[in-house]
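*Asks:* Got a structure for you, questions after.
The values are calculated or read from the model by the stated rules, or taken from the named source; none is laboratory data. Everything quoted here is computed from the prediction, not taken from an experiment. Don't worry about glycine lacking a Cβ; one is built from the backbone with ideal geometry, like all the others, and counts go over all protein chains shown. When the accessible area is computed, the model is the full protein with side chains, heavy atoms only, and any ligands, DNA or RNA have been set aside. Shrake-Rupley method; radii C 1.70, N 1.55, O 1.52, S 1.80 Å.
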Amino acid sequence: MPVSAAVTAIGLVVMWSSGFIGADLGTREAPADTLLMWRFLAAAAILGGAWALFRRRRLGPRALAEQTAIGALSQGGYLGGIVWAVGLGVPSGTAALIAALQPLAAGALAGRLLGETVSPRQWAGLAIGLGGVVLVVQGDLTTGPAAAPAWAYGLPFAAMAALLAASFLERRVRAPLAPVDAIPLHCLVSAVLFTGVAVAGGHAAPPAGGGFWAAVAWTVLLSTVGGYGFYWLSLRRNGVTRTSALIYLTPPTTLVWAYAMFGDAPGWTALAGMAVCVIGVTATTARRRPDRSAQLAEDPVRDRAVPRVPAE
């Protein structure tokens with residue numbers, strides 16, 4: 001894997017995982033819709049201001065329409081579904097496991113919708129990765145019945161479907177934009193959506209404590225700029241299947257974050273799940289080396305030893 005692709009993959013996993021920690025920090029201070037509202041208001045102001053300062057190119061009507069839909073799905077739909085489900089009592093591990101079904105769904109649909117080839121090795125890696133996620137969240141799944149209503153368990157499925165739809169839509173857009181142009185627009189769309197939700201629920205006013213604003217800064221810089229920036233960059237460089245497979249590393253990486261931030265030590269089952277996730281993602285994302293014999297069959301002259309001319 002080239003260095004740039006490796007950096008993109010590592011950045012995606014680490015920054016995407018930071019969002020769960022930021023949500024934990026923020027919801028200790030305020031309701032989820034309050035955190036999401038101020039997160040995206042701040043992100044839209046910062047990124048939109050930087051976009052205007054550097055005078056990025058004017059966006060055409062088609063690009064605006066396409067990126068508005070992608071932003072509503074990838075940030076509004078995904079984050080709204082996950083946070084709402086957890087707020088209703090769905091265990092976070094269960095929500096993470098459902099969201100981790102995205103790679104399998106992406107692999108199943110990539111060939112039909114995008115023409116991306118999913119090899120048997122990649123299918124095996126996706127299945128292994130899912131098994132690792134199950135191990136990581138097993139403790140959460142076996143803690144007994146949750147207080148959430150039955151319909152709330154459909155929200156993580158909807159969130160996963162929203163992010164997957166955004167990923168496929170981004171690959172099929174007719175007026176593609178670089179992440180530096182697209183993400184400010186996505187944040188603006190999400191700010192409008194979550195502001196409407198927070199105002200309707202009477203949760204628009206932020207708390208006065210500094211802990212809330214520290215959580216907002218965390219989610220803006222690490223989760224929004226870092227997480228979504230690396231996500232769209234990886235999507236363009238590595239495709240839907242490989243990018244989605246990296247999401248399998250989110251639950252175990254989140255456990256590392258939680259241990260570092262809150263002292264929550266993972267158990268042996270979770271550690272075993274981390275190892276299985278790494279194996280599955282490696283099998284899915286590793287690029288196959290060209291077949292040497294096939295190359296020589298196509299060009300039998302290539303690499304043939306050149307006869308040396310005797311010196312006179």
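*Asks:* Identify all residues within the stretch 1-21 that are in contact with a Leu (Cβ under 7 Å, 6 or more places away or on another chain) and open to solvent by less than 20 Å² (accessible area, probe 1.4 Å); write none if there are none.
*Replies:* Result: 8, 9, 12, 13, 18.
*Asks:* Right, next: Kindly list, by first and then second residue, each pair from a residue in the stretch 245-269 that is closer than 19 Å to residue 130 by Cβ to a residue that is part of a helix (DSSP H, G or I) and open to solvent by 50 Å² or more (accessible area, probe 1.4 Å), limited to pairs with Cβ atoms under 6 Å and residues at least 6 apart or on different chains.
*Replies:* These pairs meet every condition: 254/20; 269/135; 269/138.
*Asks:* Residue 209 - would you say it is in contact (Cβ under 8 Å) with a residue 24 or more places away in the chain and open to solvent by less than 50 Å² (accessible area, probe 1.4 Å)?
*Replies:* For residue 209, the condition - in contact (Cβ under 8 Å) with a residue 24 or more places away in the chain and open to solvent by less than 50 Å² (accessible area, probe 1.4 Å) - is met.
*Asks:* I'd like to verify a number: residues in the stretch 33-81 that are among the polar types (S, T, N, Q) and either in contact with a Lys or Arg (Cβ under 8 Å, 6 or more places away or on another chain) or on the phi > 0 side of the Ramachandran plot (or both), how many?
*Replies:* Going through the stretch 33-81 one residue at a time, the tally reaches 0.
Matching residues to (1) polar (S, T, N, Q); (2) surrounded by fewer than 22 Cβ atoms within 10 Å (Cβ to Cβ); (3) assigned to a helix (DSSP H, G or I):
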| position | (1), (2), (3) |
| --- | --- |
| 226 | no, yes, yes |
| 245 | no, no, yes |
| 248 | no, no, yes |
| 256 | no, yes, yes |
| 259 | no, yes, yes |
| 265 | no, yes, no |
| 272 | no, yes, yes |
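*Asks:* Still on this structure, I have one more. Report, by residue number, each residue of the stretch 136-157 that is within 24 Å of residue 255 (Cβ to Cβ), modelled with pLDDT under 80 and either touching a Phe, Trp or Tyr at 6+ places or on another chain (Cβ under 7 Å) or open to solvent by 60 Å² or more (accessible area, probe 1.4 Å) (or both).
*Replies:* 138, 141, 142, 143, 145, 147, 153
*Asks:* Follow-up. Given the criteria of a type outside the set (S, T, N, Q), buried (at least 17 other Cβ atoms within 10 Å of the Cβ), within 23 Å of residue 74 (Cα to Cα) and modelled with pLDDT under 70, does residue 161 qualify?
*Replies:* In short, no.
*Asks:* All but one of (1) open to solvent by less than 60 Å² (accessible area, probe 1.4 Å); (2) modelled with pLDDT under 85; (3) among the hydroxyl-bearing types (Ser, Thr, Tyr) hold for residue 27, so report the exception by its number.
*Replies:* With respect to (1) open to solvent by less than 60 Å² (accessible area, probe 1.4 Å); (2) modelled with pLDDT under 85; (3) among the hydroxyl-bearing types (Ser, Thr, Tyr), residue 27 is out only on (1).
*Asks:* Considering only residues that are surrounded by 15 or more Cβ atoms within 10 Å (Cβ to Cβ) and either within 18 Å of the chain's Cα centre (by Cα) or in a loop (DSSP other than H, G, I, E, B) (or both), which ones fall in the stretch 190-206?
*Replies:* Pass one, the stretch 190-206, residues surrounded by 15 or more Cβ atoms within 10 Å (Cβ to Cβ): 190-195, 197-198, 203-204, 206.
The answer is 190, 203, 204, 206.
*Asks:* I'm checking my understanding of the structure. Among residues of the stretch 24-56 that are assigned to a helix (DSSP H, G or I) and of a type in the set (Phe, Trp, Tyr), which one is farthest from residue 184 (Cα to Cα)? Write out each step before concluding.
*Replies:* Just the residues of the stretch 24-56 that are assigned to a helix (DSSP H, G or I), to begin with: 24-27, 32-53.
Imposing the further condition that a residue be of a type in the set (Phe, Trp, Tyr) reduces the set to 38, 40, 51.
Working: 38: 15, 40: 10, 51: 7 Å.
Filtering first and then ranking leaves 38.
So that you can scan it fast, the table gives a plain yes or no per residue for (1) under 26 Å from residue 186 (Cα atoms); (2) within 18 Å of the chain's Cα centre (by Cα); (3) modelled with pLDDT under 70; (4) of a type in the set (Val, Ile, Thr):
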| position | (1), (2), (3), (4) |
| --- | --- |
| 63 | yes, no, no, no |
| 74 | yes, yes, no, no |
| 79 | yes, yes, no, no |
| 93 | no, yes, yes, no |
| 107 | yes, yes, yes, no |
| 115 | no, no, yes, no |
| 119 | no, no, no, no |
| 123 | no, no, no, no |
